[in-house]
Amino acid sequence: MVNTNPSFSREELKSFKDISFKLGSNSHLVQAAGGNTSIKSDGRMLIKASGTWLINSLDKDIFVEVDLNSITEKINNGKEDNFIDDIISKNNLHPSSETSFHALIKHKYVLHVHSTTAIANAISQSSESDLKKYLDEDFIFIPYCRPGFTLTMEIKKLILPSTNILILENHGLIVAGDDIEDTYKLLLKIHKKLDLIRNKKLAFDYFEEITNIDGYMHKNADKYKLFSTQNEKLFSLFSKSFYPDHVIFLGPGIPTFLEVKEANEFIQNLKRKNINLPPYLILKYKGLFENTLAIPAAKEMIDCFLEVLLRIDLSKSLKFLSSQQESELLNWDIEIYRQSIN
Ligand SMILES: [Zn+2]
């Protein structure tokens, strides 16, 4: 095989791609095109391309080589950029929208994942102090910011040269290091330490005949029973969004209904207005319904949401994304949308 990235040795590229694939294959760490990895050498950085899936690390060309010095200069000048002019490779891919923090962190390897356990423990008012109790690791807690350059600027304010663990509020986890195996092991260790299942018994066993919603299928596998819960607080969380990819793939909160009639009226209303139907709906005490046209990324994201919900501490005061934060992720006004569909 021809080495298309001569700035990096064949061996280090191989282990980097192996670990990227392992991360991408674990749906508790990476869902769909989420998460990204990078390796640096001699003023260059190889980073996952925008829109590609880490699970394809071994069988597809999903990485882009970029000029690290030029990107670093832009970060130092606070100049927001898509880094298209800094691309060195010739594969027509664009660097991840999260490229800037990979460049900012000086370690050779940076691994960023949307760990379901890290998210579940980074969405309450007391997350930072609670995490200090659960993790006896030196980490930096980064308050929520829109992913991309804004987030990188926030990280820049708080990071030290030695920082190798960052927990991103309402977003995920970054682990960095100079040895790929050690960095990967540290990431798994943190993910595992935060794996505190709290809400399994809140799933509710329904006995009634399952209702049909036009164009949707009831998700009746055992694990989805959590969505039929009788716990009011848990039910109230179903229509919230807690992290960026949830908004991007499932929309600004999953529509929830008390009665099947309301759900059907909602669907008719969207159809009349030619508005796309959401991939999922939730009916109280009955559970989750999937649009028959739901795309694979949405299916990965609903499973991610389920795993996060299982691990949320319901006794805490939780932080979800505001309408404004949802709007800046989707580039449209969520309030206008909500008014138009209700
Ligand atoms: Zn991310």
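The values are calculated or read from the model by the stated rules, or taken from the named source; none is laboratory data. For clarity, every value in this text was computed on a predicted model and none was experimentally measured. Cβ atoms come from the backbone with ideal geometry, glycine included; neighbour counts cover every protein chain shown.
The figures follow:
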| read-out | value |
| --- | --- |
| Qualifying residues in the stretch 241-259 (those that are in a loop (DSSP other than H, G, I, E, B) and among the hydrophobic types (A, V, I, L, M, F, W, C)) - the one nearest to the ligand (Cβ to nearest atom) | F242 |
| Residue check for I19: away from the ligand (no atom under 13 Å from the Cβ), assigned to a helix (DSSP H, G or I) and touching a residue at least 24 places away in the same chain (Cβ under 8 Å) | yes |
| Extreme residue, farthest from S25 (Cα to Cα), among residues of the stretch 182-227 that are without any contact (Cβ under 8 Å) to a residue 60 or more places away in the chain and in contact with a strand residue (DSSP E or B) (Cβ under 8 Å, 6 or more places away or on another chain) | N212 |
| Subset of the stretch 187-222 (residues that are basic (K, R), loosely packed, with under 14 Cβ neighbours inside 10 Å and within 19 Å of F235 (Cα to Cα)) | K200, K201 |
| Cβ-Cβ under 7 Å pairs, at least 6 apart or on other chains, the stretch 86-101 side surrounded by 24 or more Cβ atoms within 10 Å (Cβ to Cβ), far side of a type in the set (D, E, K, R) | S96/K48 |
| One residue from A176, A118, A103 being within 12 Å of the ligand (Cβ to nearest atom) and farther than 23 Å from L330 by Cβ | A118 |
| Top-ranked residue in the stretch 296-305 [being touching a residue at least 40 places away in the same chain (Cβ under 8 Å) and of a type outside the set (D, E); ranked as farthest from T52 (Cα to Cα)] | F305 |
| Tally, over the stretch 264-299, of residues that are part of a helix (DSSP H, G or I) and touching a helix residue (DSSP H, G or I) at 6+ places or on another chain (Cβ under 8 Å) | 5 |
| Odd one out for L186, checked against (1) in the same structural domain as I123 (by TED's automatic domain parsing); (2) more than 16 Å from the ligand (Cβ to nearest atom); (3) in contact with a Lys or Arg (Cβ under 9 Å, 6 or more places away or on another chain) | (3) |
| Of all residues making up the stretch 133-166, the number that are within 12 Å of the ligand (Cβ to nearest atom) and part of a strand (DSSP E or B) | 2 |
| Test: V30 is within 18 Å of P147 (Cβ to Cβ), more than 15 Å from the ligand (Cβ to nearest atom), in contact (Cβ under 8 Å) with a residue 24 or more places away in the chain and crowded, with 24+ Cβ neighbours inside 10 Å | no |
| Residue within the stretch 149-166 that is within 26 Å of F320 (Cβ to Cβ) and more than 22 Å from the chain's Cα centre (by Cα) present | yes |
